[in-house]
Amino acid sequence: MERVGVDDLDDSVQAAAVMRHLTEPLGLTDFAMNYYELEPGDSFAFAYHNHEIQEEVFYVIEGTATFDTDAGPVEVGPDEAIRFDRGEFQRGWNRGDERVVALALGAPLDYGEQVKLRYCPDCDAETDNELDRADDEEAVVAYCKECGTETGRWYRGSMDGDVP
Ligand SMILES: [Zn+2]
C-alpha cells in the first residue's frame, strides 16, 4: 500500500500552474497518473501531440478544459471525462475564466514514440519538436526537429513558453 497527499508533492515544470506526478510516489507500474491545476491560458501539454502506445483519460474536477483535436475543439466540464486513443492528437487548454482542476490517467505507463507539433516561425509550419531541460533543470525548452529553432520555453508555474 502507498498513500500520498497531492499537497506534499513537488511541482513539475509544465505548461500548467500546478502539475504533480502521482505515478512514482504511488509506485504505479502499469499506468500513469498526474494531478493538474490550470490557470486561464495554461495547458496540459507542451505541444499538440499523440502517444504511440498509451491511451489517456482526463477527468475534470473543476472548471472547463478545452481539448484541441483533429475533429476540432472539445469542451470537458466538471465531472466529465475524455479519452484519447493511441495515436490520436490532442492538446488540452484552459480557455475559461476559472481554474481547471483535473486528473490525467494513461496506460500503459510507457507512452512510446510521441509526435509533438508546434508552430515554428523559421519553417513557417507546424513541425515535430523535441523537449530538453535547460538552466539546471529549471526550464523545459522545445526545439523544432527540422531546423533547431527554439519554439517554446517554460518555467515552473509559467505559461511564458506559449506566448506568441
Ligand atoms: Zn523549424
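The values are calculated or read from the model by the stated rules, or taken from the named source; none is laboratory data. It should be emphasised that the depicted structure is a prediction, and the values quoted were computed from it without experimental measurement. Positions of Cβ are backbone-derived with ideal geometry, glycine not excepted, and every protein chain shown enters the neighbour counts.
Here are the numbers:
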{"item": "Test: residue in the range 92-114 that is more than 19 Å from Thr66 (Cα to Cα), surrounded by fewer than 17 Cβ atoms within 10 Å (Cβ to Cβ) and of a type in the set (D, E, K, R)", "result": "yes"}
{"item": "Matching entry among Glu62, Glu56 (being at pLDDT 95 or above, more than 13 Å from the chain's Cα centre (by Cα) and not polar (S, T, N, Q))", "result": "Glu62"}
{"item": "Criterion violated by Asp135 - all others in (1) surrounded by fewer than 18 Cβ atoms within 10 Å (Cβ to Cβ); (2) at pLDDT 95 or above; (3) of a type outside the set (A, V, I, L, M, F, W, C); (4) closer than 30 Å to Cys147 by Cα satisfied", "result": "(2)"}
{"item": "Count - residues of the range 65-77 that are surrounded by 13 or more Cβ atoms within 10 Å (Cβ to Cβ) and over 15 Å from Tyr35 (Cα atoms)", "result": "7"}
{"item": "Index of the failed condition, Trp154 passing every other in (1) hydrophobic (A, V, I, L, M, F, W, C); (2) in contact with a Leu (Cβ under 8 Å, 6 or more places away or on another chain); (3) under 18 Å from Glu39 (Cβ atoms)", "result": "(2)"}
{"item": "Pair list, Cβ under 9 Å, 6 or more apart: the range 141-154 residue farther than 17 Å from Ala45 by Cβ and among the hydroxyl-bearing types (Ser, Thr, Tyr), other residue in a loop (DSSP other than H, G, I, E, B) and near the ligand (Cβ under 9 Å from one of its atoms)", "result": "Thr149/Pro121; Thr149/Asp122; Thr149/Cys123"}
{"item": "Given (1) of a type in the set (A, V, I, L, M, F, W, C); (2) more than 19 Å from Glu130 (Cα to Cα); (3) crowded, with 18+ Cβ neighbours inside 10 Å, index of the condition Met1 fails", "result": "(3)"}
{"item": "Count of the range 1-34 residues which are in a strand (DSSP E or B) and aliphatic (A, V, I, L, M)", "result": "4"}
{"item": "Residue match in the range 91-98 (condition: among the small types (Gly, Ala, Ser) and farther than 30 Å from Gly5 by Cα)", "result": "no"}
{"item": "Residue check, Glu56 assigned to a loop (DSSP other than H, G, I, E, B), in contact (Cβ under 8 Å) with a residue 12 or more places away in the chain, of a type outside the set (Lys, Arg) and under 29 Å from Lys145 (Cα atoms)", "result": "no"}
{"item": "Boolean, Glu2 is in contact (Cβ under 8 Å) with a residue 24 or more places away in the chain and out of contact with any helix residue (DSSP H, G or I) (no Cβ under 9 Å at 6 or more places or on another chain)", "result": "no"}
